[in-house]
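Each remark here refers to the structure printed beneath this line.
We did not get these values from a lab; they are worked out from the coordinates using the rules stated. Quick caveat, the model's predicted, so the values are computed rather than measured. Using ideal geometry, Cβ is built from the backbone for each residue, glycine included, and neighbour counts are taken over all protein chains shown.
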Amino acid sequence: MGLYSEMLDEQRIKNMFQGSKNVLVITCPGCACESLSYSDDLPCRSLDQNKDMVHSAIAVHRIRDKWNKILETMNINVNNISVAFPCEMFDTEREGIWKKLNDIDTIAILACSSAYVAIKGILPEFKGKFIPMMRTVGTFVFTLIKDETGLNSKVDRKTAKIQRFLS
Ligand code: SF4
């Protein structure tokens, strides 16, 4: 079971970037990736055994790349980092993020609500903006199948079970 997160409305995300000049987008290759594989019908992960969690994640990085292009059209400078499991970070991950923060005025989090809270919490010295790009709306149980190339997994949308939180 993982956390099921959905993208916030595109215009709402764009509005939050108003005034930003240098952005660091932090992605999580964990259950945010399965969530986006399901919601956007994208390959989830490469099945290449030589790739680690970060490098095998496809869906979350495709959406990140899409947003990189959108932000560039808004004249915003974009940097990226993938952090495996912001919900349970070592100090070394904090240092990795900290090193990328030169001139950054906005940190955008392409991951679940837990990642948003965690990343905000470990960077109290950062005085810029934090922008959530997804919100967690429930939990999932997914079955993975191979995609049409046979090289990647994807979420089987027919058997997907999503338990939404009561609102
Ligand atoms: S940070 Fe969120 S999206 Fe990433 S693995 Fe943890 S619970 Fe899943």
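Data for the structure
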quantity	calculated
Amide H within-cut-off set for V25, under 5 Å, with H built and near neighbours excluded	N79, N80, I81, A108
Isotropically averaged projected area of the range 103-167, using the convex hull of Cα atoms (one quarter of hull area), nm²	7.1 nm²
Pairwise FRET efficiency - D65 versus R12, Cβ, R0 = 22 Å, nearest 0.05	0.65
Evaluated over the chain, the Cα radius of gyration and Dmax, each in Å	15.7, 46
Under 17 Å from the T149 label point (7 Å along Cα→beta-carbon), backbone N, the range 66-97	66
Mean Cβ neighbour count within 10 Å, used as a protection proxy, ranking 48-56, 25-33 highest first	25-33, 48-56
Helix-only mean residue ellipticity at 222 nm for the chain, each DSSP H run of n ≥ 4 adding -39500 (n - 2.57), per residue, nearest 500	-9500 deg cm²/dmol
Cut-off under 5 Å, modelled amide H: who pairs with M89 long-range	none
Computed magnitude of the charge dipole of the range 100-160 (debye, nearest 20; Cβ of K, R +1, Cβ of D, E -1)	180 debye
Cα gyration tensor category, rounded, prolate or oblate, for the range 31-75 with a/c compared to 1.5	oblate
For the range 20-71 versus the range 96-115, the gap between their alpha-carbon centres in whole angstrom	15 Å
GluC sites (Glu not before Pro) within the range 1-86, DSSP loop, no more than 14 other Cβ atoms inside 10 Å	none
Long-range HN-HN contacts of L47 with modeled amide H, under 5 Å	N152, S153
Label point distance in nm, T159-K127, each placed 7 Å from Cα along Cα→Cβ	5.3 nm
Within the chain, longest stretch clear of exposed chymotrypsin sites (Phe, Trp or Tyr not before Pro) (DSSP loop, no more than 14 other Cβ within 10 Å)	1-89
Solution diffusion estimate, µm²/s, Stokes-Einstein, the range 1-86, Kirkwood Rh from C-alpha pairs, 4 °C, viscosity 1.567 mPa s	95 µm²/s
